[in-house]
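Student: Encoded as structure tokens, here's the structure I'll be asking about.
The values are calculated or read from the model by the stated rules, or taken from the named source; none is laboratory data. Computed from a prediction, not measured in an experiment: that's the story for all the values here. Please note: Cβ atoms are built from the backbone with ideal geometry, for glycine as well, and neighbour counts cover all protein chains shown. Protein only, heavy atoms only, side chains kept; ligands, DNA and RNA dropped before computing areas. Shrake-Rupley method; radii C 1.70, N 1.55, O 1.52, S 1.80 Å.
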Amino acid sequence: MARNALLLSGADLARWRREHAAGDRPAALPYGAEALEQNGFRVDGVRLSERPAATKVRDVVEHRLGVPVARTVKGAAKVARANLVIASLEREAIVMSALRRAHVPPYRRAPLVALTCWLADDARGADEATRAQLRSRFAHVDAFVYWSRNQTPILRELGIPDRKLVPVGFCADADYFTPDPAVPQDIDLLAVGQDGGRDYATLFDAVRGTDLVVDIVCPVSYLPPNIPQDNVRLHGVVDSRAYAAMLRRAKVVVVPTHERAYPTGQSVALEASATGACVVVTGSTPLREYFTDGQDALLVDVHDPADLRARLRQALADEALRRRVGTGARANVTGRFTADIMWRDILAALRDRALLPA
């Protein structure tokens with residue numbers, strides 16, 4: 001008998017599934033949660049009204065409270081039927097955690113699992129008042145899933161007990177992001193992403209005044225000033241199909257990042273890897289858990305434009321190196337970082353912690 005998993009997400013899951021069926025999204029559900037359906041779960045979400053009046057009221061309330069509220073409240077009946085509630089991402093867990101603290105039925109019934117991206121980064125270096133607020137907000141979450149082991153001591157120091165900590169590898173859709181040797185590689189350097197952890201300033205310093213040209217998929221508003229016009233081609237935002245096509249066209253995909261507690265840049269780096277691209281990525285502490293230099297990526301030092309410039313030149317000049325690294329990159333994703341692997345590891349951890357039946 002299938003069990004029920006409720007996914008609290010800012011996405012409309014029915015629309016997401018339709019777009020996936022049409023080939024416009026790489027996964028059928030956010031974070032590859034459709035893999036749960038291969039493990040005995042029926043995955044559901046909470047759909048909100050799109051009527052203008054309802055949207056306006058919801059936006060006003062959530063803006064004033066500073067956290068998502070509507071899906072948790074409207075989804076009460078689905079929570080009552082759920083065997084597992086997954087908050088995607090951690091902000092979606094805040095209201096349910098508060099309702100559990102207040103013993104409001106039915107929110108204490110099912111285990112609450114938070115897919116966690118920024119919590120460790122927020123806690124690292126925060127003052128004690130902020131740390132106390134974070135502890136309070138998430139006190140009644142049963143498990144925190146996060147995507148790099150370096151965050152474990154940070155979350156432990158925040159006061160989260162080990163039994164709630166679940167580090168796993170992230171995932172990429174290796175069936176959507178695939179190699180295609182027939183596609184000509186007519187983009188030398190490609191950079192994609194608008195995460196706050198991107199370090200475009202170092203990339204610009206690396207290419208400025210050289211013959212290197214990088215194509216960038218990112219809103220201009222996310223880029224630093226003084227863009228080197230001779231070295232950068234801007235594409236704004238593209239859809240998933242165009243993005244996947246550009247990854248296949250790229251000789252080198254470069255993912256420059258700052259040092260963060262979380263593995264910023266891992267989505268693009270893994271998706272590019274899945275296409276067999278040669279990825280040049282900043283060797284931040286968390287991303288060194290994902291990639292091995294010279295085997296499945298070329299790693300560069302944080303905030304080091306000279307090192308980045310040298311590795312970009314090396315990769316562009318050596319086709320054999322690109323092919324070898326790209327082959328290793330694809331194998332790295334299919335062997336370690338798929339949705340099936342990620343969710344299998346999550347479910348195993350939840351069973352080990354008696355949050356799900358064995």
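Student: Is there a residue being in contact with a Gly (Cβ under 9 Å, 6 or more places away or on another chain), open to solvent by 40 Å² or more (accessible area, probe 1.4 Å) and in contact (Cβ under 8 Å) with a residue 24 or more places away in the chain anywhere in region 234-247?
Tutor: Yes: one or more hits.
Student: Just a yes or no: is a residue in region 22-39 outside any helix (DSSP H, G or I), touching a strand residue (DSSP E or B) at 6+ places or on another chain (Cβ under 8 Å) and surrounded by fewer than 19 Cβ atoms within 10 Å (Cβ to Cβ)?
Tutor: no
Student: Taking helices (runs of 4 or more DSSP H) that fall entirely within region 59-115, which contain at least 3 residues that are surrounded by 18 or more Cβ atoms within 10 Å (Cβ to Cβ) and touching a residue at least 12 places away in the same chain (Cβ under 8 Å)?
Tutor: 70-74, 94-101
Student: Continuing with the same structure: Can you name every residue in region 205-248 that is under 20 Å from the mean Cα position of the chain (by Cα), part of a helix (DSSP H, G or I) and closer than 23 Å to GLY283 by Cα?
Tutor: The answer is TYR222, LEU247.
Student: Between residues in region 139-167 that are among the acidic types (Asp, Glu) and residues that are open to solvent by 30 Å² or more (accessible area, probe 1.4 Å), which pairs lie under 6 Å by C-beta distance while being six or more apart or on different chains?
Tutor: Note: pairs meeting the criteria are ASP142/LEU355.
Student: Tell me which of these ARG288 doesn't satisfy, since it passes every other one: (1) assigned to a helix (DSSP H, G or I); (2) closer than 22 Å to GLN185 by Cα.
Tutor: (2)
Student: Which of the residues belonging to region 1-21 are open to solvent by 40 Å² or more (accessible area, probe 1.4 Å), part of a helix (DSSP H, G or I) and of a type in the set (A, V, I, L, M, F, W, C)?
Tutor: The answer is ALA14, TRP16, ALA21.
Student: Please specify each residue of region 40-56 satisfying the condition of being in contact (Cβ under 8 Å) with a residue 40 or more places away in the chain and either surrounded by fewer than 20 Cβ atoms within 10 Å (Cβ to Cβ) or assigned to a loop (DSSP other than H, G, I, E, B) (or both).
Tutor: ARG42, ASP44, VAL46
Student: Evaluate the following for VAL279: is it open to solvent by less than 10 Å² (accessible area, probe 1.4 Å) and among the β-branched types (Val, Ile, Thr)?
Tutor: So VAL279 fits the description; yes.
Student: Just checking: which of the strands (runs of 3 or more DSSP E) contained wholly in region 124-204 hold 2 or more residues that are touching a Pro at 6+ places or on another chain (Cβ under 8 Å) and open to solvent by less than 20 Å² (accessible area, probe 1.4 Å)?
Tutor: It comes to 143-146.
Student: Can you tell me how many residues within region 252-272 are part of a loop (DSSP other than H, G, I, E, B) and open to solvent by 10 Å² or more (accessible area, probe 1.4 Å)?
Tutor: 4
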